[in-house]
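Data first, discussion second: the structure below is written as C-alpha cells.
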Amino acid sequence: MSRIGRMPIAIPAGVTVDVAENNKVTVKGPKGTLERVLPAEMEIKVEGAEVVVTRPNDLKKNKSLHGLTRTLIANMVTGVTNGYEKVLEVNGVGYRAQKAGKELTLILGYSHPVIMTDPEGIETVLEGQNKITVKGIDKEKVGQYAAEIRDKRRPEPYKGKGIKYADEVIRRKVGKTGKK
C-alpha cells in the first residue's frame, strides 16, 4: 500500500475542500483558491477535518496515482495557507535584476536586457539587485517560473556566474593551467 497515499490530509481552519464530479478538487483558503482535476480512478473523500484518498485496486497504474493524487491535494492545501516561494541569486560582475510593475528586467551580460513578465498568480520580489524571490500559491507555477528565470543564464562551473537557486550548490571546476 502506498505509504504516502494512505496518510490523511489535515484541513486547517479557514480552508475548505470541495470535490465535484470527475474528481475536480477546489481548495479555498486565506491566500486564494486553487482548482485541479485529479485522476478519475482515485476516490477522494472529505471526512470531517481531513481528506482521504483511496484507490480501487492494486494495479500498477493505480498504485502510482495514489501517492501522486494525495501529494497534489496536500500541496494545494499548503499553498492556500502558507504559499510557496523560491529564492534565486544573481551572481556575476555587472549582472543584476530590476523590477518595474509586473516586469522583471535581468541584465545578464547579453547585448540586451532580458525582460520577463510575472505570470498570473505569481509575484517576484527583489532584495537588493541580486536576490529574486518568486512567490505564489501554486507550487507547480512557482517552480516553473523560477526555473524559467534560472534558464536565462544558468550558473557556469568555473566562476559560478549566472542565476542559481539560493540552496543550490554549484560544482566548481579548476580552470586551465599554463604550460611550463
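A few comments on the model shown:
- Which numbered condition Asn57 misses (of (1) part of a loop (DSSP other than H, G, I, E, B); (2) open to solvent by 90 Å² or more (accessible area, probe 1.4 Å)): (2)
- For the range 126-169, filtered to residues that are more than 17 Å from the chain's Cα centre (by Cα) and open to solvent by less than 50 Å² (accessible area, probe 1.4 Å), the residue that is nearest to Ile107 (Cα to Cα) is Gly162.
- Scanning the range 98-113 for residues that are open to solvent by less than 50 Å² (accessible area, probe 1.4 Å) and out of contact with any helix residue (DSSP H, G or I) (no Cβ under 9 Å at 6 or more places or on another chain) gives Thr105, Ile107, Leu108.
- Residues located in the range 23-44, provided they are open to solvent by 70 Å² or more (accessible area, probe 1.4 Å) and either touching a Cys at 6+ places or on another chain (Cβ under 9 Å) or modelled with pLDDT of 90 or more (or both): Lys24, Lys28, Pro30, Lys31, Thr33, Glu35, Arg36, Val37, Glu43
- The set of residues in the range 114-125 that are open to solvent by less than 70 Å² (accessible area, probe 1.4 Å), more than 17 Å from Asn91 (Cβ to Cβ) and free of Cβ contacts under 8 Å to residues at least 40 places away in the same chain comprises Met116, Asp118, Pro119, Ile122, Thr124, Val125.
The values are calculated or read from the model by the stated rules, or taken from the named source; none is laboratory data. Just so we're clear, the structure is a prediction, and the values are computed from it rather than from any experiment. Heads up, the Cβs are rebuilt from the backbone with ideal geometry, glycines too, and the neighbour counts pull from every protein chain shown. SASA here: full protein model, heavy atoms, side chains in, ligands and nucleic acids out. Shrake-Rupley method; radii C 1.70, N 1.55, O 1.52, S 1.80 Å.
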